[in-house]
Amino acid sequence: MNKAITDGVVFMPPAFAGGLDVWSSGDGTPGSDTYDGATNAAFVPADQDFGGALELLKTDSVQKLRYMGETPILPGCYLRITARIKAISGSLPNVRISAWAGGEGGAHVSGVTETGPAVSLTNYGEVVEVSAIVGSGTRGGVDMVWGAAALFGHFGIDLTGANGGVIRIDDIEIEDITQVYMRDLLATVDVRDFGAVGDGTTDDHAAFEAVDAAANGREILVSSGTFFLGDSVTLQSRVRFEGTITMPVDKILSLTQNFDLPTYIDAFVDEELAFKKAFQSLLNNSGHDSLDLGGRLLAIRAPIDLQAAVPNRTESNNRRVIRNGQFSVVSGSNWDTDVTTSQATYSTSDGKTLSNVTNVANISVGSLVEGNGVGREVYVRAKNVSAQTLTISQPLYDAVGTQSYTFRRFKYLLDFSGFGKISRFQFDDVDFQCSGECSAVMLPTVGKTFHFRDCFFTRPKDRGITSAGEADQGMMIDRCQFLSNESPLLVPDRESIALNTNANDVKIRNNRVTHFRHFAVMAGSTSIISGNHIFQGDAANPGPRSGGIILTRTNNRGTITGNYICDCSVEWTNEYDNAPDFSSEFSFSSLSITGNAFLSQSTAPWFNFIVVKPYGPGHFINGLTVAGNTFRLIDGPIDRVEGIDTSFATMNFDRFKNIQFNGNAFHNVHEHVENPLVMQHTEGSPSTTWVVSPEPKLPFKGWAQIVESVMPDGAIRDSGGSAYYGVPYFQGQQGPNKDQVNLRWEKAVEGTVIMRVRIDNLI
């Protein structure tokens, strides 16, 4: 680059032959004295070495010669000032290039170097050349670094030393030598050219902003050095880092043209710090909605507190995405679970609060709560140290009074729990490599529509995705793989859980899940669980099995469709009800389980694929569809596919209603249950009362409540063998277990009928 050529900028001062009225004996500023008519200066038109030359008698301790024209100083432009001098007589002085730096409004720019290296004249008649380079940046060979404040200069020479000497000076030359400092011709601008120092201490943020303003489509080069940025910087141009950046935690570096993690790693070197600064920019800059990890594997030494990385924000409601990379854990004590045992009091009047909590300050938000009467996946949502209270994510089913609780705070690769609210956040193609050392992701307290897509949750120690609040509202988990760290263990020994949810409208679709204690513990309603492959078997023969999908909302309104559910069950409970006995609420209702493939092998015969578990008496089922599923057992049959877990209570069969359990296929299952049950009954001898036993074909071993229809299969005959054309009426809930039906006839008859029997009331 040469501004004299490309832009027509004039740097060269006029020759002395043009007159001495533009050559000052002072600083060169307007109004300063000139050498025109001075008694100690004259123009010599015919010097044998120089041609025309200025002859000057040194009369001042510092004899100045300055061109009064304003030579421009441009960012990124470097000028070399050269003078050729010889001594004629008298004392031999020292000579140096000197200047006066001018800034905005013609003001002097103080604090910058305005002299070059001095040269001593040692012989008369010997031509000596002195030169110096001036420019805005700290570059090799630059003698006068003027930064971004200097806009022009008055250039010339100084004579120092003894007075009385006579010298001659050739015409002074000023030339643009910027090309010496250019890395990529016309394609790159260097931050040092705009005053950046790069010593790790000087605040260079103003220079970074200046270079960005001047880049005009060119790439910014952060050359070698450590550049401290004391304030936030947004670069609108592409940037390349040879040097590195340091800045306060709360200051933001936004790289709008190449916003990706590899660039931030180039800038900050430390991968964890680079990710934090990139995440900080992601939440603070509207110029980009996604952070590309660039396929990098980030080795994480300690849990990343994402809110601490963005101290200026506690909420974000804009769509933001992290994609295309891996988080890998570096083994160490930073991942150890924090365990605290404290006494607390629980009351059903405030179902999500533990009060009078001892040692409350040491209990971390996001801790799993364990104790008598505590359901699965209950977490500390918030704490109030002064009030000694904890807010928990779900009520407790049987914990009234005071007892000791254990609080386990798992450690997560990415922890959002410090945020008050995060919505519309998405992870795409991210592998959380937990390596059995830690958990993967802790969600924030509140939010909507988190989305995990095409991600891997590989060997989480405790949890894959944890919700301690309701940020899972509308959450979507699509095409992910959850790979357990506990595959070698038997089912009863496993403790890890892939995910939990507390809010409604969750969509879990097309995932692959292996060998967890539970795949999902879901507290909300209106969830869609479809297309997943869940298998939780072990090497035991026969083996106990655990719940794969745990539903804790009674009025569920959810659908479980098209899944492959292997060696585990769908379990439906009300363990988050602080008054688990049925009163006036909706009981177990509105659940659809359709089109799934259920498979198990080497399984105990009492295992059930579908389990309803009430935590208090009086509950019933009102609205359940189990249709179009296949149930298959390998290595031995099971008794039945469905059951009621009566560990806490049985159910009120008299109030069962709107249950469809049909169109299913059973393989290696003893009892093929249906509702309504279509069955055949034959009475071998004439009787007025036919006792019909549809049990054990009725789902959940329910009561035989309704006979929808009775159709003779052939003639019904009386004791004399004559055909009888009368119809019976039925009496339901017969027998000691109320699982029989009586058909009552006008007279004693015999024959065969086809019946439709229901365990539920129609009205």
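The values are calculated or read from the model by the stated rules, or taken from the named source; none is laboratory data. A quick note: this is a predicted structure, and the numbers were derived from the prediction, not measured. Neighbour counts are summed over all protein chains in view; Cβ atoms, including those assigned to glycine, are modelled from backbone coordinates with ideal geometry.
Regarding the stretch 417-427, can at least one residue be identified that is of a type outside the set (Val, Ile, Thr), modelled with pLDDT of 95 or more, within 18 Å of ASN334 (Cβ to Cβ) and surrounded by fewer than 22 Cβ atoms within 10 Å (Cβ to Cβ)?
The answer is yes; a qualifying residue exists.
Which residue is farthest from VAL691 (Cα to Cα), if the candidates are limited to the stretch 745-763 and must be among the aliphatic types (A, V, I, L, M) and exposed (fewer than 13 other Cβ atoms within 10 Å of the Cβ)?
Among those residues, the one meeting the criterion is ILE763.
With the condition kept exactly as written, say whether any residue in the stretch 651-660 is closer than 30 Å to VAL374 by Cβ and of a type in the set (Val, Ile, Thr).
no
Considering only the stretch 584-603, how many residues are out of contact with any strand residue (DSSP E or B) (no Cβ under 7 Å at 6 or more places or on another chain) and in contact (Cβ under 8 Å) with a residue 24 or more places away in the chain?
1
Looking at the stretch 191-209 only, could you name the residues that are surrounded by fewer than 21 Cβ atoms within 10 Å (Cβ to Cβ) and either of a type in the set (Lys, Arg) or touching a helix residue (DSSP H, G or I) at 6+ places or on another chain (Cβ under 9 Å) (or both)?
Across the stretch 191-209, the qualifying residues are VAL197, ALA206, GLU209.
Within the stretch 504-529, which residues are farther than 25 Å from ILE638 by Cβ, surrounded by fewer than 24 Cβ atoms within 10 Å (Cβ to Cβ) and within 25 Å of the chain's Cα centre (by Cα)?
Those that are farther than 25 Å from ILE638 by Cβ, surrounded by fewer than 24 Cβ atoms within 10 Å (Cβ to Cβ) and within 25 Å of the chain's Cα centre (by Cα): ASN504, ASP505, LYS507, ARG509, ASN510, GLY524, ILE528.
In the stretch 30-47, what count of residues is obtained for those that are within 19 Å of GLU173 (Cα to Cα) and either in a loop (DSSP other than H, G, I, E, B) or in contact with a Pro (Cβ under 9 Å, 6 or more places away or on another chain) (or both)?
Here the count works out to 1.
Failed condition for GLY105, given (1) outside any strand (DSSP E or B); (2) of a type outside the set (Lys, Arg); (3) crowded, with 16+ Cβ neighbours inside 10 Å, with all others met?
With (1) outside any strand (DSSP E or B); (2) of a type outside the set (Lys, Arg); (3) crowded, with 16+ Cβ neighbours inside 10 Å applied to GLY105, the lone miss is (3).
Cβ-Cβ under 9 Å, sequence separation 6+ or interchain: first residue in the stretch 313-324 and more than 22 Å from ASP431 (Cβ to Cβ), partner assigned to a strand (DSSP E or B) and among the β-branched types (Val, Ile, Thr). Which pairs?
GLU315/ILE422; GLU315/VAL446; SER316/ILE422; ASN317/ILE422
Looking only at the stretch 142-158, decide whether some residue is within 15 Å of LEU65 (Cβ to Cβ), out of contact with any Phe, Trp or Tyr (no Cβ under 7 Å at 6 or more places or on another chain) and at pLDDT 90 or above.
For the stretch 142-158, residues within 15 Å of LEU65 (Cβ to Cβ), out of contact with any Phe, Trp or Tyr (no Cβ under 7 Å at 6 or more places or on another chain) and at pLDDT 90 or above: present.
So for the stretch 61-73 (the condition being buried (at least 21 other Cβ atoms within 10 Å of the Cβ), modelled with pLDDT under 95 and aliphatic (A, V, I, L, M)), does at least one residue qualify?
The answer is yes, given that some residue of the stretch 61-73 is buried (at least 21 other Cβ atoms within 10 Å of the Cβ), modelled with pLDDT under 95 and aliphatic (A, V, I, L, M).
Across the stretch 118-133, which residue is nearest to ARG80 (Cα to Cα) among those that are part of a strand (DSSP E or B) and among the hydroxyl-bearing types (Ser, Thr, Tyr)?
For the stretch 118-133, the residue satisfying everything is SER131.
When both residues are 6+ apart or on different chains and their Cβ atoms are under 7 Å apart, which pairs have a first residue that lies in the stretch 404-425 and is within 11 Å of ARG463 (Cβ to Cβ), and a second that is in a strand (DSSP E or B) and among the charged types (D, E, K, R)?
Close Cβ pairs (under 7 Å, with a partner that is in a strand (DSSP E or B) and among the charged types (D, E, K, R)) amount to ARG408/GLU370; PHE410/ARG463.
For every residue, the table says whether it meets (1) farther than 22 Å from ARG553 by Cα; (2) in contact (Cβ under 8 Å) with a residue 12 or more places away in the chain; (3) outside any loop (DSSP other than H, G, I, E, B).
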residue: ASN372; (1), (2), (3): no, yes, no
residue: GLU377; (1), (2), (3): no, yes, no
residue: SER386; (1), (2), (3): yes, no, no
residue: THR391; (1), (2), (3): no, yes, yes
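Taking the criterion of being among the small types (Gly, Ala, Ser), within 19 Å of SER232 (Cβ to Cβ) and touching a residue at least 12 places away in the same chain (Cβ under 8 Å), would at least one residue in the stretch 178-197 satisfy it?
Taking every residue of the stretch 178-197 in turn, at least one turns out to be among the small types (Gly, Ala, Ser), within 19 Å of SER232 (Cβ to Cβ) and touching a residue at least 12 places away in the same chain (Cβ under 8 Å).
Name the pairs: first residue in the stretch 247-275 and closer than 15 Å to GLU219 by Cβ, second residue modelled with pLDDT of 95 or more and in a helix (DSSP H, G or I), Cβ to Cβ under 6 Å, at least 6 apart or on different chains?
From the stretch 247-275, the pairs are LEU255/THR263.
Being aliphatic (A, V, I, L, M), over 30 Å from LYS613 (Cα atoms) and in contact with a Lys or Arg (Cβ under 8 Å, 6 or more places away or on another chain) narrows it down to one of ILE363, ILE392, so name that one.
ILE363
Just to confirm my filter: which strands (runs of 3 or more DSSP E) fall fully inside the stretch 482-547 and include at least 2 residues that are in contact (Cβ under 8 Å) with a residue 40 or more places away in the chain and in contact with a His (Cβ under 8 Å, 6 or more places away or on another chain)?
Passing ranges, in order: 497-501.
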